[in-house]
Protein chains: 2
Amino acid sequence: MNFSKFGQKFTQPTGISQLMDDLGDALKSDQPINMLGGGNPARIDAVNEVFLETYRALGNDDANSTNELSSTALTSIGNYSNPQGDAAFIDSLVGFFNRHYDWNLSADNIALTNGSQNAFFYLFNLFGGAFNDASANNDSQTVDKSILLPLAPEYIGYSDVHVEGQHFAAVLPHIDTVTHNGEEGFFKYRVDFEALESLPALIEGRIGAICCSRPTNPTGNVLTDEEMSRLSDITKRYDVPLIIDNAYGMPFPNIIYSDAHLTWDDNTILCFSLSKIGLPGVRTGIIVAAPEVIAAVSALNAVVNLSPTRFGAAIATPLVNDDRIKQLSDNEIKPFYQQQATTAVRLLKEAMGDYPMMIHKPEGAIFLWLWFKDLPITTDELYEILKKKGTLIVPSQHFFPGVDVTQYPHAHECIRMSIAADEQTLIDGIQVIGDVVRALYDGK
Amino acid sequence: MNFSKFGQKFTQPTGISQLMDDLGDALKSDQPINMLGGGNPARIDAVNEVFLETYRALGNDDANSTNELSSTALTSIGNYSNPQGDAAFIDSLVGFFNRHYDWNLSADNIALTNGSQNAFFYLFNLFGGAFNDASANNDSQTVDKSILLPLAPEYIGYSDVHVEGQHFAAVLPHIDTVTHNGEEGFFKYRVDFEALESLPALIEGRIGAICCSRPTNPTGNVLTDEEMSRLSDITKRYDVPLIIDNAYGMPFPNIIYSDAHLTWDDNTILCFSLSKIGLPGVRTGIIVAAPEVIAAVSALNAVVNLSPTRFGAAIATPLVNDDRIKQLSDNEIKPFYQQQATTAVRLLKEAMGDYPMMIHKPEGAIFLWLWFKDLPITTDELYEILKKKGTLIVPSQHFFPGVDVTQYPHAHECIRMSIAADEQTLIDGIQVIGDVVRALYDGK
């Protein structure tokens, strides 16, 4: 069959499609796999118990009603929401955010999407791609605008979302050597503001929005409050929005260990997700933004999906209403991943501490980012070797949307490793990585 | 904020956005509303009882397991599927279709989407829009292809899905006067094959796919087996796929009263939905097609949504496995809507039988399509009058994607009326419509 150019673009093999296919194949495989490659959150029993209890309650909360079929579960699965998303959950989120922050939100500030990826598909096409050229004499002249990623590496899932071409600009990081809990062997990326502020595309009006994930997927970096404040100032100076991918951030799932604060104003587009509290299957993303952005997202929901899926909203609403979502995040989810990070760092140091491996300072999210400086092969090649040995990680070059990685060796020297797996998988996977990497450095 | 051209296109008010906003406002309103405008399916107790029983079972099916947190419900909400969709549900659908049809499907023939609208967003952009011009000397030359709707009117939700422009061609129908259960006052649309086969766009290679809904939303028309067979022949002659929107069709929800059969081959793209069996909130669409189409849809799922939502798959899987989805459709859903259609026809005849109202022969779906021939005002204006009187229907002009409705009076003389409402709402709504329409014809 003949596909359109749109179809041809999206059926090209992409970084994310390869990743997803490998993960899917691994889950179907008969062979044991050390799955350090995926983005699936961990199963945390204390959290799952609350989900299950809530699930059961939603199917029984009509017990005292005159209509035995009026349970919240049936109402949720049996009715469309409007395109903005489940109204009860949006009201619940308005109350929650206004309780914990001074943002003074109304329902016009929140829309739901079918997960964060869906939100970024909308936002990057709303703010990147072809724009009418305001300085031109007629409507047919366009200017091409990009999404500016102030700190590469960034999330792999951003790469392919533009409906036509790719529209990213990225700034390479400062790489600082840092300690972590008093230990050596760590680095931290920092925004190169000098390069950012002198970027011709920014100065010349060819940037449509600035976007970062915080904590960053894949690195576990958390941009500092000062960095965020400077980014916010720059977006206002150039009259473009600041999009923050908060999938791992505050107040839920709150997988963030550094001293950081969350701010919002009407030039900020904050994206939340239910995935990393442990509900990825329900595909529920939350956008907090100015009403005109919410109206645009709602319009896109109507056309692309008719309306967002509702069940995630149903199960999260009671947890948001009584702040349990925050308590679970603070008391269960964050400590779990912090412990996992500590374990993985210890295992990595034991396996490769005497080799030129550096670990990005773990400040949050559910990954470690490893830098194998001067490794004799690219990490794309390392990925293939590890895959053959039953250990899945993600090589770094796919995490540099907007960067010409052929000119940037660092982009071929890192890997992303999930820390959501159980301890035995961490032990087994890191042993395989260690064996392979040591042999490569040793020239064997 | 400045939106891209993509953003400007999708934030224009559209037929579907107006419809969805009005429906949403109506549901929030304090005033009683006769809701005959929406596409929400009816609440059918016998069906909802099965959904609720299944829902509860999914949350308890780990009772005999060693891990009390291994219920299907938790597994579904707590894990991503791969981009093709929930693998267990796809396997279950393969078995179901191969039990009931001679299609010989494998898992490579099925992908899930976040509802049917999401499927059509993908398919119409895969097969409509800019194509590389195979006859040109270089890659930069493109040819613009349209989705051919062989029988207008068609579904309102198709209109706005193209990421750039609108790419539809449509053929106006033959309008035959027919009887229904021996009664006069009915008409039926038939495909004008002479006009279709002589369409320059088709002959000259500017059609990317042919698409129809069967039963048709909005009319309740069911294209005959012979019409479908001719359409299939034409698509093969021009090497384009035949896309069938089967949201109301066989084997579920099977809201179809005429003698019709469902066929599939690898040039056919069949789209199913869980919405009209009563699960619109779970947003689950099913595409049955050749593997290359399934691969393209999976790739789009990865980019647009990461992966489809899973809970609809979880709740439908047991009903598909033991054919209850078919039994519920045959024994509960289809008879319910057939009775609703009979009731609504009777009420309409009582209210306007002496006036130039014609009803499209009700052959399926959850709507009646009324034609007010030579009404002194457009049905857009009628819609506004009825809305002020608390009765919502949908005016006809939005159901003609690909038709220049300024040149086609019939497109302004019809309305779509849902029959999913309870009997009192049908009585009250039809009374309002009757009062207004009679007064208009009477010149009052």
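The values are calculated or read from the model by the stated rules, or taken from the named source; none is laboratory data. Please read these numbers as outputs of a predicted model, since none were measured by experiment. A quick note on method: Cβ atoms are made from the backbone with ideal geometry, for glycine too, and the neighbour counts reach across all protein chains shown. Keep in mind that these areas ignore ligands, DNA and RNA; they rest on the heavy atoms of the full protein, side chains included. Shrake-Rupley method; radii C 1.70, N 1.55, O 1.52, S 1.80 Å.
In the context of the full protein assembly, A:THR263 retains an accessible surface of approximately 100 Å², using a probe radius of 1.4 Å and ignoring ligands and nucleic acids.
Distance distribution P(r), the range B:62-112, all Cα-Cα pairs, bin width 5 angstrom from 0: 4, 19, 21, 16, 15, 12, 10, 3, 0 percent. At q = 0.05, 0.06, 0.09 Å⁻¹, what log₁₀ I(q)/I(0) does the protein assembly as shown have when each alpha carbon counts as one equal point scatterer in the Debye sum? Normalising to I(0) and taking log10 leaves -0.28, -0.41, -0.92. Count Lys and Arg as plus one, Asp and Glu as minus one, and take only other residues whose Cβ is under 11 Å from that of A:LEU440; the net charge is then -2. Note on chain B: helix-only mean residue ellipticity at 222 nm, from DSSP H runs of 4+ residues weighted -39500 (n - 2.57) and normalised by residue number, equals -11500 deg cm²/dmol.
Counting only DSSP beta bridges with both residues in chain B, the antiparallel share comes to about 60 percent. Entry for the range A:251-404 at q = 0.11 Å⁻¹: log10 I(q)/I(0) = -0.66, Debye formula applied to identical alpha-carbon scatterers, no solvent contribution.
Basic side chains Lys and Arg get +1 at the Cβ, acidic Asp and Glu get -1 at the Cβ, and with that the dipole of the protein assembly as shown about its Cα centre reaches some 40 debye. Counting only Cα atoms, the range B:318-361 measures 50, 14, 10 Å along its principal axes, largest extent leading.
Taking B:GLU53, A:GLU413 and ordering them by how much accessible surface each has at a 1.4 Å probe, largest first, produces B:GLU53, A:GLU413. Defining the label point at 7 Å along Cα→Cβ, can you sort the distances from A:ASP435 to the same site in each other copy, shortest first, in nm? Between copies, matching label points for A:ASP435 lie 8.2 nm apart. Summing Lys and Arg as +1 and Asp and Glu as -1 over all other residues whose Cβ lies under 12 Å from the Cβ of A:PRO308 gives a net charge of +2. For the range A:139-264, the fraction of C-alpha pairs more than 22 angstrom apart is 38%. Hydrodynamic radius of the range B:43-154 by the Kirkwood approach over all distinct alpha-carbon pairs: 18.6 Å. Semi-axes of the equivalent ellipsoid for the range B:167-217, computed as √(5λ) from the eigenvalues of its C-alpha gyration tensor and ordered from largest down, come to 29, 12, 7 Å. Here the range A:234-337 is described by how far its Cα atoms reach on the three principal axes: 39, 35, 21 Å, from widest to narrowest. The candidates B:ASP442, A:ASP22, arranged from most to least accessible area with a 1.4 Å probe in the full protein assembly, appear as B:ASP442, A:ASP22.
Scoring B:162-169, B:209-216 by mean Cβ neighbours within 10 Å over their residues and listing the highest first yields B:209-216, B:162-169. Of all beta bridges that DSSP places with both ends in the protein assembly as shown, some 60 percent have antiparallel geometry.
Counted by Cβ distance under 14 Å from B:THR379, the other residues give a net charge of -2, where Lys and Arg count +1 and Asp and Glu count -1. Take the range A:309-444 with all the other protein chains still there, run a 1.4 Å probe, and you get 38 Å² of accessible area per residue.
Counting only protein heavy atoms and using a 1.4 Å probe, the accessible area of B:ASP265 comes to about 40 Å². B:TYR248 exposes around 10 Å² of accessible area when a 1.4 Å probe is run over every protein chain in place. Each of A:PRO291, A:ALA313, A:GLY249 was placed along the dipole of the range A:197-321 (beta-carbon charges, centred on the mean Cα), and the one lying farthest toward the positive end is A:ALA313. Taking the inverse of the mean reciprocal distance over all distinct Cα pairs, the Kirkwood hydrodynamic radius of the range B:1-72 comes to 16.9 Å. In the frame of its principal axes, chain A has Cα extents of 73, 63, 53 Å, reported largest first. Only protein heavy atoms count here, probed at 1.4 Å, and on that basis chains B and A bury about 7600 Å² of accessible area in total.
The distance linking the range B:422-444 with the range B:338-407 is 11 Å (Cα centroid to Cα centroid, whole angstrom). Across A:GLY59, A:GLY278, A:GLY249, mean-square fluctuation computed from a Gaussian network of chain A (C-alpha pairs under 10 Å connected) peaks at A:GLY59. Sorting A:ARG230, A:ARG99 on solvent-accessible area from highest to lowest, probe radius 1.4 Å, gives A:ARG99, A:ARG230.
Note on the range A:384-444: Kirkwood radius taken over Cα pairs, Stokes-Einstein applied at 10 °C and 1.306 mPa s, translational D equal to 123 µm² s⁻¹.
For the range A:121-174 versus the range B:182-233, the spacing of their alpha-carbon centroids is 41 Å.
Computed in the context of the full set of protein chains, the accessible area of the protein assembly as shown at 1.4 Å probe radius has 47% of its extent on carbon or sulfur. Structural descriptor for chain A: relative contact order 22 percent, calculated from alpha carbon pairs under 8 angstrom and at least 6 residues apart. Among A:GLY390, A:GLY128, A:GLY208, determine the one that fluctuates most according to a GNM of chain A built with springs between C-alpha atoms less than 10 Å apart. It is A:GLY390.
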